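> Got a structure for you, questions after.
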Amino acid sequence: MSEKPNDGPERTRLQRLLDTLKAQDITDKKLLHALEYTPRDLFVPELFLDRSWEDSAIPINCGQTISQPYIVALMTQALKLEGRHRVLEIGTGSGYQTAVLSRLARYVYTIERYRSLMVEAEIRHKRLMLENIIYRFGDGWEGWPEQAPFDRILVTAALPEVPTPLLAQLKPKGIMVGPLGKGSTQRLMRYVKLQGDDFLKEDLGEVRFVPLIAGVAREN
């Protein structure tokens with residue numbers, strides 16, 4: 001499962017998806033390579049397997065979603081990742097975004113409030129032999145202070161307000177990307193840490209995410 005799809009219908013769908021992303025200004029060659037070698041069908045529920053290579057969001061367990069590939073690519077490209085970076089991801093979800101990050105960074109520290117999602121994601125990552133991912137079942141809003149500071153932070157759920165606790169866990173010149181807003185749509189924001197508590201803020205456009213909820217979830 002660590003290799004790109006072989007020739008055939010699946011390979012054709014993957015190539016069509018990659019061409020779609022390139023047409024939308026996803027130009028980072030390392031990122032495109034990571035997407036090519038991360039089989040999205042491994043992270044999609046069986047009911048939606050026929051949509052694996054579509055550029056669309058897909059529902060998963062616990063009322064969450066696997067983001068559309070363009071949004072995954074856009075957010076990842078906005079992080080400006082380098083191979084030496086330590087990345088904090090808030091919201092493991094299916095683990096697809098995590099897997100893409102792990103191919104571009106030195107370590108990925110990922111937090112998930114649904115234990116079942118975290119366990120399922122870890123199993124998928126093991127199948128792909130991704131060994132630089134560290135998992136935590138907990139409250140993403142609090143970040144991971146014991147492992148801070150981070151070079152990059154990616155938030156995969158909508159922040160209701162500016163996430164001061166997370167921004168405090170960035171290194172100088174570090175970058176955080178995440179959706180900000182309480183409505184059905186949000187603004188995708190990039191924060192670049194300058195000096196002290198000063199940040200350069202950039203609006204990257206409108207997005208739609210499930211809200212980031214504080215605390216851990218109780219599951220039946």
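> Of the residues SER94, SER56, which single one is among the hydroxyl-bearing types (Ser, Thr, Tyr), assigned to a loop (DSSP other than H, G, I, E, B) and either modelled with pLDDT of 95 or more or under 18 Å from LEU212 (Cα atoms) (or both)?
SER94
> Something else now. Residue by residue through region 146-191, note down the ones that are touching a Lys or Arg at 6+ places or on another chain (Cβ under 8 Å), under 24 Å from GLU82 (Cα atoms) and without any contact (Cβ under 8 Å) to a residue 60 or more places away in the chain.
Within region 146-191, PRO149, LEU167, LEU170, LYS171, PRO172, LYS173, GLY174, MET176, PRO179, MET189, TYR191 meet the criteria.
> Over 21 Å from ILE60 (Cβ atoms), within 15 Å of the chain's Cα centre (by Cα) and not acidic (Asp, Glu) - does that describe any residue in region 114-131?
No, region 114-131 has no match at all.
Yes/no per residue for (1) at pLDDT below 95; (2) assigned to a loop (DSSP other than H, G, I, E, B); (3) surrounded by 21 or more Cβ atoms within 10 Å (Cβ to Cβ):
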| site | (1), (2), (3) |
| --- | --- |
| MET129 | no, yes, no |
| TRP141 | yes, no, no |
| ASP151 | no, no, yes |
| LEU154 | no, no, yes |
| GLU161 | yes, yes, no |
| PRO165 | yes, no, no |
| GLY183 | yes, yes, no |
| GLN195 | yes, yes, no |
| ASP203 | no, no, no |
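> Consider only pairs whose beta carbons are under 7 Å apart and that are at least six residues apart or on different chains; among these, list those whose first residue lies in region 94-113 and is under 12 Å from THR76 (Cα atoms) and whose second residue is acidic (Asp, Glu).
GLN97/GLU89; THR98/GLU89; LEU101/GLU89
> State whether one or more residues within region 108-127 are touching a strand residue (DSSP E or B) at 6+ places or on another chain (Cβ under 6 Å), of a type in the set (Lys, Arg), outside any loop (DSSP other than H, G, I, E, B) and closer than 17 Å to LEU88 by Cβ.
No, region 108-127 has no match at all.
> With the checklist (1) of a type outside the set (Asp, Glu); (2) under 19 Å from the mean Cα position of the chain (by Cα); (3) surrounded by fewer than 17 Cβ atoms within 10 Å (Cβ to Cβ) in hand, flag the one item ALA23 doesn't pass.
With (1) of a type outside the set (Asp, Glu); (2) under 19 Å from the mean Cα position of the chain (by Cα); (3) surrounded by fewer than 17 Cβ atoms within 10 Å (Cβ to Cβ) applied to ALA23, the lone miss is (2).
> Among the listed residues ARG86, ARG113, which satisfies the condition of being buried (at least 22 other Cβ atoms within 10 Å of the Cβ) and within 15 Å of VAL155 (Cα to Cα)?
Result: ARG113 is the single residue among ARG86, ARG113 that is buried (at least 22 other Cβ atoms within 10 Å of the Cβ) and within 15 Å of VAL155 (Cα to Cα).
> Further, regarding this structure: Which pairs turn up if I take residues in region 39-58 that are among the charged types (D, E, K, R) and look for partners that are loosely packed, with under 15 Cβ neighbours inside 10 Å with beta carbon separation below 8 Å, at least 6 apart in sequence or on another chain?
ASP41/LEU49
> Here is a follow-up. Between a first residue in region 13-38 that is under 23 Å from LEU49 (Cα atoms) and a second residue that is acidic (Asp, Glu) and part of a helix (DSSP H, G or I), which pairs have beta carbons less than 9 Å apart while being 6 or more apart in sequence or on different chains?
Pairs that qualify, where the first residue is under 23 Å from LEU49 (Cα atoms) and the partner is acidic (Asp, Glu) and part of a helix (DSSP H, G or I), are LEU14/GLU36; GLN15/GLU36; LEU18/GLU36.
The values are calculated or read from the model by the stated rules, or taken from the named source; none is laboratory data. The shown structure was predicted, so the numbers you read here are calculated from the model rather than taken from an experiment. Neighbour counts run over all protein chains shown; Cβ positions are idealised from the backbone, glycine included.
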